[in-house]
Amino acid sequence: MYTWRSHANVAKVIESLPRDPRADEYPMPAVPYGWYAVLRSAELRPGRVVSLHYFGRALIAFRGTDGRATVRDAHCPHYGAHLGVGGKVVDGTVECPFHGWRFGADGRCVEAPFAARTPKVSLGGFPVREHSGLVMVYAGPGDPSWDVPEIPETESKDFAAPIDDSCRARIHVQEMRENIVDESHFHFIHGQSEPPVQDWHQDGPFAEARGRISRRVLRWAIDNTFDAFMYGPGIMVVRVHGPVLSVTAVALTTPVDDRTSELRMLYYIRKPSRPVLRFLTPVLKLAFRAEALGEVREEVRIWDHKIHQPRPVLLPHEKGIRALRRWYGQFYPPEVAMVPVGHPSRATSSNAAAKGESCV
């Protein structure tokens, strides 16, 4: 029988464990091809240089004269200074703090003091799209062939300002995404009585998982539908609808380096439909924060110590991980062979699971 454990107790147990070196081993590249949100738009004010570190690279972001965001490599090709450490925006260009070289929003050097001719050098960078309050970059070869659709809740007055929660874990971004289709964990982490039955649909770089969430939040019995819309490997929008509480969660999963990934969650709480009840919005946000953020922290602590199982031993009802891994494989180079995922009924021997061996 399952025994309930508090988040605090789980944290104490997990944080005391030594880390298994296998937890840093993955057969797939650290950065799947796709769009990733590296900033909220409000965090990139005109005239400012913002330092970032994603995809194992030091990066900077700033706005050009037209206000458009750009994300570039951080180190000056002249002598290696970090443009985000003392660099400044001058007339829509970023100026190196060491020798005054300037680079435009397209990355090209436009000025080099004391040079007879402007050097033909550039800062590497990424294709950028900005909407829904997010600055997104495309990590992958060539130009992107698809875009992330706008998220209407981020601009709607029917939703409160988002709860913004960010954390990092030693885990691959693919496994962060697998969490939404891991049916059984909804019971042990999120308090649902039974694993939810999910419907899976996919269309190229887009996918959707639908289901229901039945649980108690404080004194309320919640029986809500949820729809998880996935836009490539780095951006997911989960809409949870119900008579008491409706939430749109924007889940941003971004590789930091070859061992670490960032999970940034933006929770948009729908305000009560009746204007006279709008004063309850802060109460709804507090109730949601009290329940949801602790559960996310518990997941992150578990992720921080789990290892990747190329052939997990899945039960017959655990179909979501299998479907997502097949879909997710398109975001890797063609030469990366994704291991097919099986379940116990395909075990090669009756005692494979007992020995800790994978079943295929």
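The values are calculated or read from the model by the stated rules, or taken from the named source; none is laboratory data. Bear in mind that the values here come from a model prediction, so they are computed numbers and not experimental data. Note: ideal-geometry Cβ built from the backbone for every residue, glycine included; neighbour counts use all protein chains shown. Calculation scope for accessible area: heavy atoms of the full protein, side chains included, ligands and nucleic acids excluded. Shrake-Rupley method; radii C 1.70, N 1.55, O 1.52, S 1.80 Å.
Six or more apart or on different chains, Cβ atoms under 9 Å: show the pairs whose first residue is in region 145-163 and touching a residue at least 24 places away in the same chain (Cβ under 8 Å) and whose second is loosely packed, with under 12 Cβ neighbours inside 10 Å.
Once the first residue is touching a residue at least 24 places away in the same chain (Cβ under 8 Å) and sits in region 145-163, its partners that are loosely packed, with under 12 Cβ neighbours inside 10 Å give Trp146/Gly204; Asp158/Ser273; Ala160/Pro282.
Is there any pair with a first residue in region 112-125 that is open to solvent by less than 70 Å² (accessible area, probe 1.4 Å) and a second that is among the hydroxyl-bearing types (Ser, Thr, Tyr) whose Cβ atoms are under 7 Å apart and which are 6 or more apart or on different chains, and what are they?
Ala112/Thr118; Gly125/Thr70
Out of curiosity, is Thr254 within 15 Å of Cys167 (Cβ to Cβ), crowded, with 18+ Cβ neighbours inside 10 Å, touching a residue at least 60 places away in the same chain (Cβ under 8 Å) and among the β-branched types (Val, Ile, Thr)?
yes
Considering region 159-185 alone, what residues qualify as being among the basic types (Lys, Arg) and surrounded by fewer than 22 Cβ atoms within 10 Å (Cβ to Cβ)? If you could, list the steps in order and put the result at the bottom.
Residues of region 159-185 that are among the basic types (Lys, Arg), as a first pass: 168, 170, 177.
Answer for region 159-185, where residues must be among the basic types (Lys, Arg) and surrounded by fewer than 22 Cβ atoms within 10 Å (Cβ to Cβ): Arg168, Arg170.
I'd like to check something: does region 194-208 contain any residue that is within 26 Å of Ala61 (Cβ to Cβ) and modelled with pLDDT of 95 or more?
yes
Sort out which residues of region 45-55 are part of a loop (DSSP other than H, G, I, E, B) and over 19 Å from the mean Cα position of the chain (by Cα), and write them in order of number.
Result: Arg45, Pro46, Gly47, Arg48, Val49.
Tell me which residues, restricted to region 56-83, are in a loop (DSSP other than H, G, I, E, B), open to solvent by less than 30 Å² (accessible area, probe 1.4 Å) and under 26 Å from Pro141 (Cβ atoms). Talk me through it step by step, then tell me what you get.
Keep residues of region 56-83 that are in a loop (DSSP other than H, G, I, E, B), which gives 56, 64-68, 74, 76-81, 83.
So of that shortlist, the ones also open to solvent by less than 30 Å² (accessible area, probe 1.4 Å) come out as 64, 74, 76, 81, 83.
Scanning region 56-83 gives Gly64, Ala74, Cys76, Leu83.
Filtering region 129-143 down to residues that are open to solvent by less than 30 Å² (accessible area, probe 1.4 Å) and not small (Gly, Ala, Ser), which residue is farthest from Leu280 (Cα to Cα)?
Filtering first and then ranking leaves Tyr138.
Kindly evaluate Tyr33 against the criterion of being open to solvent by 40 Å² or more (accessible area, probe 1.4 Å), within 24 Å of Pro205 (Cβ to Cβ) and either among the aromatic types (Phe, Trp, Tyr) or in contact with a Cys (Cβ under 7 Å, 6 or more places away or on another chain) (or both).
Details: open to solvent by 40 Å² or more (accessible area, probe 1.4 Å): yes; within 24 Å of Pro205 (Cβ to Cβ): yes; either among the aromatic types (Phe, Trp, Tyr) or in contact with a Cys (Cβ under 7 Å, 6 or more places away or on another chain) (or both): yes.
So Tyr33 fits the description; yes.
Has region 288-305 got any residue that is at pLDDT 85 or above, crowded, with 16+ Cβ neighbours inside 10 Å, out of contact with any strand residue (DSSP E or B) (no Cβ under 7 Å at 6 or more places or on another chain) and farther than 30 Å from Ala160 by Cβ?
yes
Quick one: Asp24 ticks every box in (1) surrounded by 13 or more Cβ atoms within 10 Å (Cβ to Cβ); (2) at pLDDT 80 or above except a single one, so which number is it?
Result: Asp24 fails condition (2) only.
Return yes when Thr3 is at pLDDT below 95, part of a loop (DSSP other than H, G, I, E, B) and more than 24 Å from the chain's Cα centre (by Cα) and no when it is not.
Yes, satisfied.
Assigned to a helix (DSSP H, G or I), of a type in the set (Phe, Trp, Tyr), surrounded by 13 or more Cβ atoms within 10 Å (Cβ to Cβ) and modelled with pLDDT of 85 or more, is that true of Tyr267?
No, not satisfied.
Looking at region 146-167, can you tell me whether even one residue there is among the aromatic types (Phe, Trp, Tyr), under 14 Å from the mean Cα position of the chain (by Cα), at negative phi and in a strand (DSSP E or B)?
no
Among what's in region 84-111 and is of a type outside the set (Asp, Glu) and farther than 24 Å from Val135 by Cα, pick the residue that is surrounded by the most Cβ atoms within 10 Å (Cβ to Cβ).
It comes out as Trp101.
For the structure I just gave you, tell me whether Gly87 is touching a Cys at 6+ places or on another chain (Cβ under 7 Å) and at pLDDT 95 or above. Break it down stepwise before answering.
Values: touching a Cys at 6+ places or on another chain (Cβ under 7 Å): yes; at pLDDT 95 or above: yes.
Taking the combined requirement at face value, the residue satisfies it.
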